[in-house]
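Participant: I am attaching a structure below and will ask some questions about it afterwards.
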Amino acid sequence: TLLAASSDAARKNAALFFDSAVHYPVMLECFDAADGLHRLLYPLRHVVQLLQSGDPAQLRSEKQVAYHASRALLQYVRAHWVSHTTALQRRLTNNQAAAAAPQPHKPINTSAAAVDELMAALATDAKLAEAFVRTRWPLLDHVAEQHLVSLILELIRAMPGEERYFSDICLYCLEVLQLITLSPLPRRDLIATTSSTSSTRPGSHQLRSGMAVLLHAASTGNATPFYGLADPEVNKAIYVHCSNSPNI
């Protein structure tokens, strides 16, 4: 409820709370049970609307809320992805260990180092990669329900990359795409997605398809990041997942 409140401070503090707490299994379960992803995406959807309508006055305050919401979104997806992938690892290593549920009050390690380690495991362990594809990942149900892929593409497409808050929002959202496009269904959504909305940013009308948005962002990811692409390797990873995903 606070994420949709009229107070900027209340919405920002709610997003900050979820950014810090959603990686606890007990909180993650409660968050999903309360349709938390739908509420967490509200500030991001609002920013897209404001950018498309060209309302700079509201954007000044809303971009801070969206920044914290995008950080919380990344933590949320990382928590689900790490939990799912490590459960598959346990199952493949020891079937008895797979039955042991994670401790609900022990935080999931969602650090960049932990994510990189699991990414490397998926790339080198064929059995783990096959299990990842064949095993249902519950997060994808929420992703599909909320049309997360198309929302992220609209954010990247509409946002001016020269502003720090917008740059960081885009980077966090691209990292979310990097994780979810490891699975086939989000990859298909990204490839199939086309945009029918307009944007006030010059040249954005030409970027209709999801792959066109990513390719344009990759081609302009340099010392002055466009679309907030501070690290072009993130965008390249998404493109690789969609065109030639190794082992997955």
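The values are calculated or read from the model by the stated rules, or taken from the named source; none is laboratory data. Keep in mind that what you see is a predicted model, and the values were worked out from it rather than measured. Counting neighbours? That spans all protein chains shown, and the Cβs are built from the backbone with ideal geometry, glycine included. All accessible areas refer to the heavy atoms of the entire protein, side chains included, with ligands and DNA or RNA removed. Shrake-Rupley method; radii C 1.70, N 1.55, O 1.52, S 1.80 Å.
Participant: Please determine whether any residue of the stretch 88-111 is of a type in the set (G, A, S), within 30 Å of F166 (Cβ to Cβ) and either assigned to a helix (DSSP H, G or I) or within 20 Å of the chain's Cα centre (by Cα) (or both).
Facilitator: yes
Participant: Moving to a separate point now. What's the number of the only condition in (1) at pLDDT 85 or above; (2) open to solvent by 60 Å² or more (accessible area, probe 1.4 Å) that R164 fails to meet?
Facilitator: R164 satisfies all of (1) at pLDDT 85 or above; (2) open to solvent by 60 Å² or more (accessible area, probe 1.4 Å) except (1).
Participant: Which residues, counting only those in the stretch 112-135, are over 21 Å from the mean Cα position of the chain (by Cα) and exposed (fewer than 14 other Cβ atoms within 10 Å of the Cβ)?
Facilitator: Answer for the stretch 112-135, where residues must be over 21 Å from the mean Cα position of the chain (by Cα) and exposed (fewer than 14 other Cβ atoms within 10 Å of the Cβ): T124, A126, K127, R134.
Participant: From (1) buried (at least 20 other Cβ atoms within 10 Å of the Cβ); (2) modelled with pLDDT under 55, pick out the condition that doesn't hold for R201.
Facilitator: Unmet condition: (1).
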